[in-house]
Amino acid sequence: MEERYFSGEDITIECTNFRNPIYQSVWTDFIVRTYDSEDFYSEIESGEEGVGLDATTFSPALIDPELVMIQPDRVEIGTLSTWEIVITMPIPMEEGCWIKLFVPSDLTFQLNRIQAGGFFLPANGAEELSTSDYSLNRQDDPSPSIQFRGCNSESTVGESPSGKLEIDSISTPLSIRDSGEFYVYVYKDENLSN
């Protein structure tokens, strides 16, 4: 069914099945084209006449646990191990994010080495984070944290990017049980704002 609108009338376009963006902000770079009966079109870009997506009040995107893998390379009780953390983001990401990883408080750790890949790579492109690339806060709440800049290259972000960390060394639990929870947060800036 064809609908006709007259000059000066407001038109609302509703799009469904979008995932919440990773950042709470106003998203731009949208273009709306309207065509007349002779296939001539006019174009409205974001910022003009209310075209855009204001996500400042949206809840940030949550990552499905099936898209996260956290695994030590050794599973013996109370053993220092290299832990691998792999995350595939279900939504597009852009350059320039900050990562904050909380390590469970019931696990002890020494940061001998942090290997990085994908959107976790440091700005210099090296596969290892140097001590100048991250900050460590052993007194953070709810547990010790590691914070660093990620999303440093166009080739590591985009539609459904993934990241991989290998942290040497974190202990395995001191008894046969699950450890506390790891938390990984991705922020748009160093101030850790969504």
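Derivation of every value follows stated rules applied to the coordinates shown; laboratory data play no part. As the structure is a computational prediction, the values presented were derived from the model and not from experiment. Cβ: placed from backbone, ideal geometry, glycine included. Neighbour counts: every protein chain shown.
Given the Cα-Cα distance of Asn112 and Glu154 and 0.36 nm per residue of separation, how much length would full extension add, in nm?
Working: separation 42, 0.36 × 42 = 15.12 nm, distance 2.87 nm.
Gain on extension, Asn112 to Glu154, equals 12.3 nm.
Tell me the relative contact order for the chain as a rounded percent, counting alpha carbon contacts under 8 Å between residues six or more apart. Walk me through the numbers before you get to the answer.
On the way: 390 pairs, mean separation 49.6, N = 194.
After rounding, I find 26 percent.
Antiparallel versus total DSSP beta bridges in the chain: what percent is that, nearest 5?
Numbers: 46 of 46 bridges.
Just about 100 percent of them are antiparallel.
Which ordering of Tyr41, Tyr187 is given by a fewest-first count of other beta-carbon atoms within 10 Å?
Tyr41, Tyr187
If I stretch the segment between Ser162 and Cys15 completely, what's the gain in nm (0.36 nm per residue apart, minus their alpha carbon distance), one decimal? Intermediate results must be reported in sequence, preceding the final value.
Values: separation 147, 0.36 × 147 = 52.92 nm, distance 2.65 nm.
Gain on extension, Ser162 to Cys15, equals 50.3 nm.
GNM on the chain, C-alpha springs below 10 Å: top fluctuator among Glu14, Glu94, Glu43?
Glu14
Taking the Cα centre of the chain as origin, work out the dipole magnitude from +1 charges on Lys and Arg Cβ and -1 charges on Asp and Glu Cβ, in debye rounded to 20.
Values: 11 positive and 35 negative charges, 266 e Å.
Rounded to the nearest 20 debye, it is 1280 debye.
Can you tell me the length gained on complete extension of the stretch Ser132 to Val26, counting 0.36 nm per residue apart and subtracting the Cα distance?
On the way: separation 106, 0.36 × 106 = 38.16 nm, distance 3.19 nm.
In short, 35.0 nm is gained.
Going by C-beta contacts inside 10 Å, put Asp39, Asp133 in order with the fewest on the left.
On the way: Asp39 6, Asp133 17.
The order, fewest Cβ neighbours first, is Asp39, Asp133.
What whole-number value in cubic angstrom gives the convex hull volume per residue for the C-alpha atoms of the chain? Don't skip to the end; give the middle numbers.
On the way: hull volume 30.6 nm³, N = 194.
Normalising the Cα hull of the chain by residue number yields 157 Å³.
Are there cysteines in the chain with no other Cys C-beta under 4.7 Å, and if so, which?
Cysteines lacking a close Cβ partner in the chain: Cys15.
Got a sec? Charge dipole of the chain, +1 on Cβ for Lys and Arg, -1 for Asp and Glu; which of Ile77, Tyr187, Pro65 is way out at the positive end?
Looking along the dipole axis, the top candidate is Ile77.
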